[in-house]
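**Student:** A single structure is presented below for examination.
What follows draws every value from the coordinates through simple rules; no lab data is involved. Note that this is a predicted model, so its numbers are computed, not measured. So basically every Cβ, Gly included, is an ideal-geometry build from the backbone, and we count neighbours across all protein chains shown.
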Amino acid sequence: MQDREDLFRFVDFIGQETFHGAVQIVPYGEALIHEYYWEGLAKLSRNSAVQAVGTQSNFSFPVERMLSVYEESGGNKEKLRLWGTFHPEMTTQEQFLMQCSSLQKAQILFCVGAVGVPKNLELLRQLRAGLNQSVYFWINKMDGLGRGYTEEEMKAFLELDKYFSLELRHFKADKAACAESVFIQGDGKIRPCNLCTGEMGNLYRDGLDGLTQKICTRKVCDCFLSYGSRTDVEELCFFKPYPAFRIPAGDIRQSLKYHKQKCK
């Protein structure tokens with residue numbers, strides 16, 4: 001009940017702000033099994049100043065039912081963006097692919113990915129092969145591997161995700177490079193990103209226009225959520241205009257062409 005209250009407080013407040021951009025919800029745990037998240041996303045999508053809305057998920061929710069909730073709440077499907085993470089310890093490849101197929105039939109934009117665990121390489125190859133080629137398939141580096149990736153492993157993961165190398169670069173933290181984004185907690189505290197502990201103010205006290213200057217407490221940006229909104233990472237133009245969703249702009253083949261022409 002507290003989570004629901006926090007979500008709608010945020011949604012209602014954003015509707016009153018002079019805000020123009022996108023909102024991605026990064027939940028602690030699986031959010032989309034709860035109808036109120038779909039209602040909140042729908043309300044955000046009705047705001048003409050909000051260009052895109054979405055959240056991260058393990059895709060365990062009942063697709064038809066939840067999309068009905070979204071549409072009945074007045075949600076704009078064209079603005080919806082979903083980030084799906086495959087956890088082989090939580091579901092089977094077949095079940096996950098069925099969920100992806102249902103979302104694609106419903107014309108929902110989404111990306112799919114998994115942690116780059118070397119022992120799961122063959123399973124991830126099978127998953128990629130089972131997905132429509134227009135769906136971007138990303139690989140996150142594995143924390144706690146206890147060693148670096150071998151050249152063979154890096155090559156294999158790069159074949160699955162041509163941008164896997166971004167996960168290994170550890171960008172030097174630079175507050176000026178992420179000036180266009182902020183991370184807002186459920187209680188309204190505003191931080192530069194999901195990893196940075198420095199507070200810039202509180203949404204409900206200061207609004208978005210009354211924030212203090214960003215103070216970065218990090219040395220490096222070493223996960224996609226922290227470097228995904230940086231303006232100095234050339235490769236991220238593949239995901240413009242809102243790279244944080246990790247979804248290419250339009251059809252993946254057109255995006256690849258755009259990348260070759262505009263990003264180099």
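**Student:** Past the 31 Å Cα-Cα mark, which pairs from Lys155/Lys189; Lys105/Lys219; Lys79/Lys119; Lys79/Lys214? Provide the component values of the computation, followed by the final result.
**Tutor:** Numbers: Lys155/Lys189 41 Å; Lys105/Lys219 43 Å; Lys79/Lys119 36 Å; Lys79/Lys214 29 Å.
From the list (Lys155/Lys189; Lys105/Lys219; Lys79/Lys119; Lys79/Lys214), the Cα-Cα distance tops 31 Å for Lys155/Lys189; Lys105/Lys219; Lys79/Lys119.
**Student:** Moving on. If you take every residue apart from Asp174 with its C-beta less than 9 Å away from the C-beta of Asp174, what net charge results, scoring Lys and Arg +1 and Asp and Glu -1? Working shown, then result.
**Tutor:** Working: positive: Lys172, Lys175, Arg230; negative: Asp232.
Around Asp174, the surrounding residues sum to +2.
**Student:** Straight-line reach from Lys162: which aspartates and glutamates fall under 19 Å, measuring Cα to Cα and dropping same-chain residues less than 8 apart?
**Tutor:** Cross-link targets: Glu122, Glu151, Glu152, Glu153, Asp222, Asp232, Glu234, Glu235, Asp251.
**Student:** Taking the beta-carbon count within 10 Å as an exposure proxy, list Thr91, Thr55 from fewest neighbours to most.
**Tutor:** Thr91, Thr55
**Student:** As an exercise, use a Förster radius of 41 Å and the Cβ-Cβ distance of Ser60 and Gln213 to find the FRET efficiency, rounded to the nearest 0.05. Mind dumping the intermediate values first?
**Tutor:** Values: r = 40 Å, r/R0 = 0.98.
In this case the efficiency is close to 0.55.
**Student:** For the range 1-148, state the semi-axes of the equivalent ellipsoid (square roots of 5 times the eigenvalues of the alpha-carbon gyration tensor), sorted largest first and rounded to whole angstrom.
**Tutor:** Details: eigenvalues 171, 59, 39 Å².
For the range 1-148, the ellipsoid semi-axes come out as 29, 17, 14 Å.
**Student:** What is the Rg over Rh value, at two decimals, for the chain, using alpha-carbon atoms and the Kirkwood definition of Rh? Please list the in-between numbers first.
**Tutor:** Details: Rg = 18.4 Å, Rh = 19.4 Å.
Using only Cα positions, Rg/Rh for the chain is 0.95.
**Student:** Please report Rg over Rh for the range 103-212, where both radii come from the alpha carbon positions and Rh follows the Kirkwood definition. Please list the in-between numbers first.
**Tutor:** Numbers: Rg = 18.5 Å, Rh = 17.0 Å.
Reported Rg/Rh, Kirkwood definition of Rh: 1.09.
**Student:** A further question follows. Using the basic label-point model (7 angstrom from Cα toward the beta carbon), what is the Ala106 to Ser48 distance in nanometres?
**Tutor:** 2.8 nm
**Student:** Can you give the extra length, in nm with one decimal, that the chain gains between Tyr28 and Asp143 once fully stretched, where that is 0.36 nm per residue apart less the Cα-Cα distance? Let's see the in-between values first.
**Tutor:** Details: separation 115, 0.36 × 115 = 41.40 nm, distance 1.81 nm.
Result for the pair: 39.6 nm of gain on full extension.
**Student:** If you take the square roots of the eigenvalues of the alpha-carbon gyration tensor of the range 111-156 and sort them as a ≥ b ≥ c, do you get rounded (a/c under 1.5), prolate (a/b over b/c) or oblate?
**Tutor:** Values: a/c = 2.38, a/b = 1.93, b/c = 1.23.
Prolate, since a/c reaches 1.5 and a/b exceeds b/c.
**Student:** Amide H to amide H under 5 Å from Thr55: which residues, 5+ apart in sequence or cross-chain, H placed 1.01 Å off N in plane?
**Tutor:** Under 5 Å from the amide H of Thr55: Ile25, Arg81, Trp83.
**Student:** Can you put Ile190, Ile108 in order, fewest other beta carbons within 10 Å first?
**Tutor:** Working: Ile190 21, Ile108 18.
In order of increasing Cβ crowding within 10 Å: Ile108, Ile190.
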